[in-house]
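Engineer: Pasting a structure here, questions to come.
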Amino acid sequence: MIYNSIIETIGNTPLIRLNKVNQGIKGEILVKVEYFNPGNSMKDRMAIKMVEDAEAAGILKPGGTIIEGTSGNTGMGLALAAIAKGYKCIFTMADKQSKEKIDILKAVGAEVIVCPTNVSPEDPRSYYSVARKLNKDIPNSFYPNQYDNLSNALAHYETTGPEIWKDTAGKITHYAAGVGTGGSMCGTAKYLKEQNPAIITVGIDTYGSVFKKYKETGIFDENEVYPYLTEGIGEDILPKNVDFDMIDHFVKVTDKDAAVMTRRLSREEGLFVGWSCGSAVHGALEYAKENLKEGDRMVIILPDHGTRYLGKIYNDDWMRNHGFLEDKTFGTARDIITARNGDYQLLVTQQTDTVKAAIALMNKTSVSQIPVMDGDHVVGCLTDNKLLSKIIDNPDLKDAPVSEVMEDSMKFVALDSTLDVLSSMVDKEKAVLVRDEKHQIHIITKHDILEAITK
Ligand SMILES: Cc1ncc(COP(=O)(O)O)c(C=O)c1O
């Protein structure tokens, strides 16, 4: 078979049976290995679709520039499309992305602008904002916006879904995928559910992302948002490509569990895949353990290739430094709270308490910050610095309820958040909170992290 250009080789990736990492789980687990695409990821599918839909709509014209905020894989797909069709590419990326990903994009002729990770999406420095500004400033430029451009999900509806349906001869009961922009989960799920509405879909989310809570409660909870390391999945926004009706369940996976599973996929299955593949498989198998029966068949999509992560999860030193190898004994929020003695009790104040009473409690117990509750829910916090300046400005506040002076809540972090992630959060802000397996809430302050680091 002769292809006219590289972009004609996109799609028709293989479906491969897992044999080892799923041991003890009922049913059959198949993975759709998307690194067989020419750009080594599933993003080739939606990149070419976004470009061709923009051409058809007259948005992208000859000699144009494609500008996108991308974690690397979409950039690669767009760069291949641009080479085949004669466009220029400029990509903005968050600085948490692997250096390999940046170098790869440069190798295929793109210009890459690296932006800070730990700023809000609305911040003018974020990679979303920088891409939008470039699109405004550069004439004849096209900003695909993979988050909200529905050609993304449509690409998977038209290709990934039909391929899975055909390759399984319609014998599929469950579909699982990581959720970033939502395109690969929701486009594929829509096609599969149209063929058989009984197919159950499982979306994989990260700790530090808003999706799971939003699906389960309808609440967009900024307290769930905090930095995490896994690349490609989880978001602090709700992209238009995420259609929550297409996702029956969400499972959250920690950075560590994802990294460990990714390495197992390489060593035990011969699948040298990327980090979010470990998230997808770990999360999907957690679901499968509880829910799959003999005769069921689950398909999990594996988005990309391992080369892009050689300096991170495939590097033993990097794994050890992040507390992801079992020989590192002290490295996460879990370690800090397990080192505490058994009668630990979180000090809190209710939002209806008076400020005077809250100050008395803080003084008596010598704490500098305290969560504020509405019954069992954390709704805010008091910190001694801010409280002092507010009371100096207005001494009458002493008799007001705590709700009138409280600040935004401390953020919740995952039990397996590593010390570097924790310290980047408490440096900037307040202490952080973590829920243990019994749902008890613990506070972690800068002092706790310093103590853990020096142990
Ligand atoms: C490595 C990787 N995994 C998973 C995803 C998530 O896929 P989607 O954007 O289709 O939800 C992405 C998207 O950026 C990715 O790059």
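Read-outs throughout are calculated quantities, based only on the coordinates presented, and are distinct from any laboratory measurement. Computed from a predicted model, the values in this text were never measured in an experiment. Virtual Cβ from ideal backbone geometry, glycine too; neighbours counted across all protein chains shown.
Engineer: State, to one decimal in nm, how far the label point of GLU158 lies from the label point of SER5, with both points 7 Å from Cα in the Cβ direction.
Structural biologist: Using points 7 Å along Cα→Cβ, the separation is 1.6 nm.
Engineer: Pull up the cross-link candidates among the aspartates and glutamates for LYS390, meaning alpha carbon to alpha carbon under 12 Å and not fewer than 8 places away within one chain.
Structural biologist: In chain and number order, the partners are GLU404, GLU407.
Engineer: Let me ask something else about it. Assuming a ≥ b ≥ c are the square roots of the Cα gyration tensor eigenvalues, decide whether the stretch 45-142 counts as rounded (a/c under 1.5), prolate (otherwise, with a/b larger than b/c) or oblate.
Structural biologist: Working: a/c = 2.04, a/b = 1.36, b/c = 1.50.
Judged from the Cα gyration tensor, the stretch 45-142 comes out oblate (a/c at least 1.5, b/c at or above a/b).
Engineer: On alpha-carbon atoms, Rg over Rh for the stretch 239-373 using Kirkwood Rh? Provide the component values of the computation, followed by the final result.
Structural biologist: Numbers: Rg = 21.6 Å, Rh = 18.9 Å.
My calculation of the ratio gives 1.14.
Engineer: Given that compact globular proteins tend to follow 2.2 N^0.38 Å, what is the ratio of the alpha-carbon Rg of the chain to that value?
Structural biologist: 1.06
Engineer: Separate question: Would you mind telling me the antiparallel percentage of the DSSP bridges in the stretch 5-156, rounded to 5?
Structural biologist: 20 percent
Engineer: Using a cut-off of 17 Å between alpha-carbon atoms, which aspartates and glutamates can reach LYS411, once sequence neighbours fewer than 8 places away in the same chain are excluded?
Structural biologist: Filter leaves ASP221, GLU222, GLU224, GLU235, ASP236, ASP374, ASP376, ASP420, ASP427, GLU429, ASP436, ASP448.
Engineer: Right, another one. Kindly put LYS32, LYS43, LYS26 in sequence by how many other C-beta atoms sit within 10 Å of each C-beta, fewest to most.
Structural biologist: With the sparsest Cβ surroundings first, the list reads LYS26, LYS32, LYS43.
Engineer: Also: Calculate how large, on average over all directions, the projected area of the Cα convex hull of the stretch 160-227 is; give the answer in nm² to one decimal.
Structural biologist: The Cα convex hull of the stretch 160-227, projected and averaged over all directions, gives 5.0 nm².
Engineer: Return the distance in nm (one decimal) between the two label points of a simple spin-label model at SER424 and ALA339, each offset 7 Å from Cα along Cα→Cβ.
Structural biologist: Between SER424 and ALA339, the simple spin-label model gives 2.2 nm.
Engineer: Mind listing the long-range amide H neighbours of ALA176? Cut-off is under 5 Å, sequence gap 5 or more, other chains count too, H placed in the peptide plane at 1.01 Å from N.
Structural biologist: Residues meeting the criterion, in which the H sits 1.01 Å from N, are VAL202, VAL299, ILE300, ILE301.
Engineer: Can you tell me the dipole magnitude for the chain around its Cα centre, using point charges on the Cβ only (Lys, Arg +1; Asp, Glu -1), in Debye to the nearest 20?
Structural biologist: With Lys and Arg at +1 and Asp and Glu at -1, about 840 debye.
Engineer: Can you give the % of DSSP beta bridges in the chain that are antiparallel, to the nearest 5?
Structural biologist: Details: 18 of 53 bridges.
So the antiparallel bridges in the chain amount to around 35 percent.
Engineer: In the P(r) worked out for the stretch 333-418, what percent of Cα pairs fall beyond 17 Å?
Structural biologist: Percentage above 17 Å: 52.
Engineer: A further question follows. Calculate how steeply helix 127-137 sits against the longest principal axis of the alpha-carbon atoms of the chain, using the helix alpha-carbon long axis, and give the answer as 0 to 90 degrees to the nearest 10.
Structural biologist: So the helix axis and the longest Cα principal axis differ by about 60 degrees.
Engineer: Please list, in chain and number order, the residues 5+ apart from MET373 or on another chain whose amide H is under 5 Å from its amide H, with Hs placed from the backbone.
Structural biologist: For MET373, whose amide H was placed from the backbone, the distant partners under 5 Å are THR349, GLN350, GLN351, VAL379.
Engineer: In whole Å and largest first, what semi-axes does the C-alpha gyration tensor of the stretch 1-75 yield when each eigenvalue is scaled by 5 and square-rooted?
Structural biologist: In descending order, the three semi-axes are 34, 15, 10 Å.
Engineer: Give the aspartates and glutamates reachable from LYS32 as a straight Cα distance under 17 Å; neighbours fewer than 8 places away on the same chain don't count.
Structural biologist: ASP44, GLU158, GLU163, ASP167, GLU268, GLU269, ASP296, ASP304
Engineer: Round to the nearest 10 and give me the degree value, 0 to 90, for the angle of helix 255-269's Cα axis relative to the longest principal axis of the chain.
Structural biologist: Result, in degrees: 30.
Engineer: Taking amide H positions as placed 1.01 Å from N in the peptide plane, with prolines and chain starts having none, which residues 5 or more places from ILE113, or on another chain, fall under 5 Å of its amide H?
Structural biologist: When sequence neighbours closer than 5 places are left aside, the close amide H contacts are PHE91, THR92, MET93.
Engineer: Still on this structure, I have one more. Return one number: the angle in degrees, 0 to 90 and rounded to the nearest 10, between the long axis of the Cα atoms of helix 183-195 and the longest principal axis of the Cα atoms of the chain.
Structural biologist: 60 degrees
Engineer: Please tell me which of these pairs span more than 26 angstrom C-alpha to C-alpha: LYS386/LYS438; LYS26/LYS240; LYS20/LYS171; LYS99/LYS430; LYS256/LYS446?
Structural biologist: Details: LYS386/LYS438 32 Å; LYS26/LYS240 35 Å; LYS20/LYS171 22 Å; LYS99/LYS430 30 Å; LYS256/LYS446 22 Å.
From LYS386/LYS438; LYS26/LYS240; LYS20/LYS171; LYS99/LYS430; LYS256/LYS446, over 26 Å: LYS386/LYS438; LYS26/LYS240; LYS99/LYS430.
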